[in-house]
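Take a look at the structure set out below.
Any read-out appearing in this document is the output of simple, stated calculations on the displayed coordinates, not a laboratory observation. Since we're looking at a predicted model, the values are computed, not measured. Every residue, glycine as well, gets a Cβ built from its backbone with ideal geometry; the counts of neighbours run over all protein chains shown.
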Amino acid sequence: MTFLPVLLLALSMSADAFAAALGKGARLDKPGWGEALRAGAIFGSIEAVTPLIGWALGKAASRTIAAFDHWIAFGLLTVIGGKMIWDAFRRHEEEEKPRSHGLMVLVLTAIGTSIDALAVGVTLAIVGANIIVNALAIGAATFTMVTIGVMTGRVLGEKFGRTAEAGGGIILIAIGIKILFDHTG
């Protein structure tokens, strides 16, 4: 693959993570660059590793993984998105928002948004593409997009409060539903 297809693949793989990061940024109380970079690093690392795992599985048994990967993504994103919506309307206006997200929340969200990268890794194995170049590009694009997404979500959260927070949860659920339909429909 040449530069342009690798770049386009990397950007498309980071789109779900960007949408999730908007919600994560809206959920927090004025997240700073440190929190945005932390989220970017976690998402970027996981998004870089999942195509490697997919590639290895693609070499071994791609049909087995393809049978259920979309259900895992759907379940994770629906639970996390539902909790974001619940928290947005359960929290009293005067109650403080958290300053950062827990590591497990970020990891589970990153895994949920990176299931498509796992499937891409399987495809890259089938077509014989350079998995290292593609995985690094996907990880770098995701790091950048998530960092920007958290900071953009901060602005949305300050302007639109609960609506932005609940909107982030709805986006995660919608991503899960899209993944499910893409694989079953």
Checklist entry - Just one of [x] 102; [y] 138; [z] 121 is volume of the Cα convex hull per residue in Å³ as worked out from the coordinates here. Which one is it? => result [x]
Checklist entry - So for the pair Leu11, Val127, with labels modelled 7 Å out along Cα→Cβ, what separation do we get in nm? => result 1.7
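Hey, what number do you get for the chain at 222 nm if only DSSP H runs of n ≥ 4 count, each worth -39500 (n - 2.57), divided across all residues, to the nearest 500? Write down the numbers at each step before the final one.
Values: 5 runs with 160 residues, N = 185.
Taking each H run of at least 4 residues, the total per residue is -31500 deg cm²/dmol.
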Item to check | Separation in nanometres of the label points that stand 7 Å from Cα toward Cβ, at Ala60 and Thr144 | outcome: 3.3
Checklist entry - When only DSSP loop residues count, what chymotrypsin sites (Phe, Trp or Tyr not before Pro) in region 9-87 have their Cβ near at most 10 other Cβ atoms within 10 Å? => result Phe68
Next on the checklist: Looking at the chain, identify the longest residue range that excludes and avoids all GluC sites (Glu not before Pro) in DSSP loops having at most 13 other Cβ atoms within 10 Å.
Outcome noted: 1-92
Checklist entry - For Glu158 and Phe89 in the same chain, what is the full-extension length gain: residue separation times 0.36 nm, less their Cα-Cα distance, in nm? => result 23.3 nm
Checklist entry - Between Gly32, Gly54, Gly102, which gets the highest mean-square fluctuation from a Gaussian network model of the chain, Cα cutoff 10 Å? => result Gly102
